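Comments concern the structure below.
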Amino acid sequence: MGSFSLWVLLNIIFFCTIDLRFLKTFFGTKTAPQYTCEYFLTSEEDFQRWDAVFENRLIYTESIHERVKEWVEKNIVRWQRERPDWFNIEMVPDKLLPSNVLAAVGGVKRRRRSSVSVREIMGLTPARD
């Protein structure tokens, strides 16, 4: 009973000392995919949009991939020229890259991440190409 009373008292103190404008952030029914899509759609800066799409699970933004593809197509030449710190073309899946850019970076085969078996690491079998 003492622990419960202390917990209630500490919660009351906590909620009395925080900025009440942020109280709504503690409660809600928005899912991570919904928030991620909203973050992309409402962001005005490219680095924020990049963060929303490519720094989270891609499945979260699957519903807006067409808009993401259009955004990438519209801006990728400028990003390649300016090279902002947050831009890494390897993080962009092939399906979201414009075909001309995909061909310029070597196509699907070159961008495919290679897998290595334990046998190859230990030198028991020759490495695959």
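Every number here is computed from the coordinates shown, using simple stated rules; none is lab data. What you see is a predicted model, and the numbers here were worked out from it, not measured in a lab. FYI the Cβ positions are ideal-geometry reconstructions off the backbone, even for glycines, and counts take in every protein chain you see.
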* To do: Between Ser3 and Phe27, take the C-beta separation as r, use R0 = 22 Å, and let me know the FRET efficiency to the nearest 0.05.
  => 0.35
* Asked: Net charge near Glu44, counting Lys/Arg +1 and Asp/Glu -1 over other residues with Cβ under 15 Å of its Cβ?
  -> -1
* Structure fact -> Burial-style ranking of 73-81, 90-98, average other-beta-carbon count within 10 Å with highest first, yields 90-98, 73-81
* To do: Please identify every one of the chymotrypsin sites (Phe, Trp or Tyr not before Pro) in region 4-44 that sits in a loop by DSSP and has no more than 13 other beta carbons within 10 Å of its own beta carbon.
  => Phe27
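Going through region 1-43, which trypsin sites (Lys or Arg not before Pro) have at most 15 other Cβ atoms within 10 Å and a DSSP loop state? Could the numbers behind the result be given before it?
On the way: sites: Arg21, Lys24, Lys30; in loops: Lys30.
Of the trypsin sites (Lys or Arg not before Pro), the ones in loops of region 1-43 whose Cβ has at most 15 other Cβ atoms within 10 Å are Lys30.
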* **15 Å beta-carbon shell around Arg78, net charge (K/R +1, D/E -1)** => -2
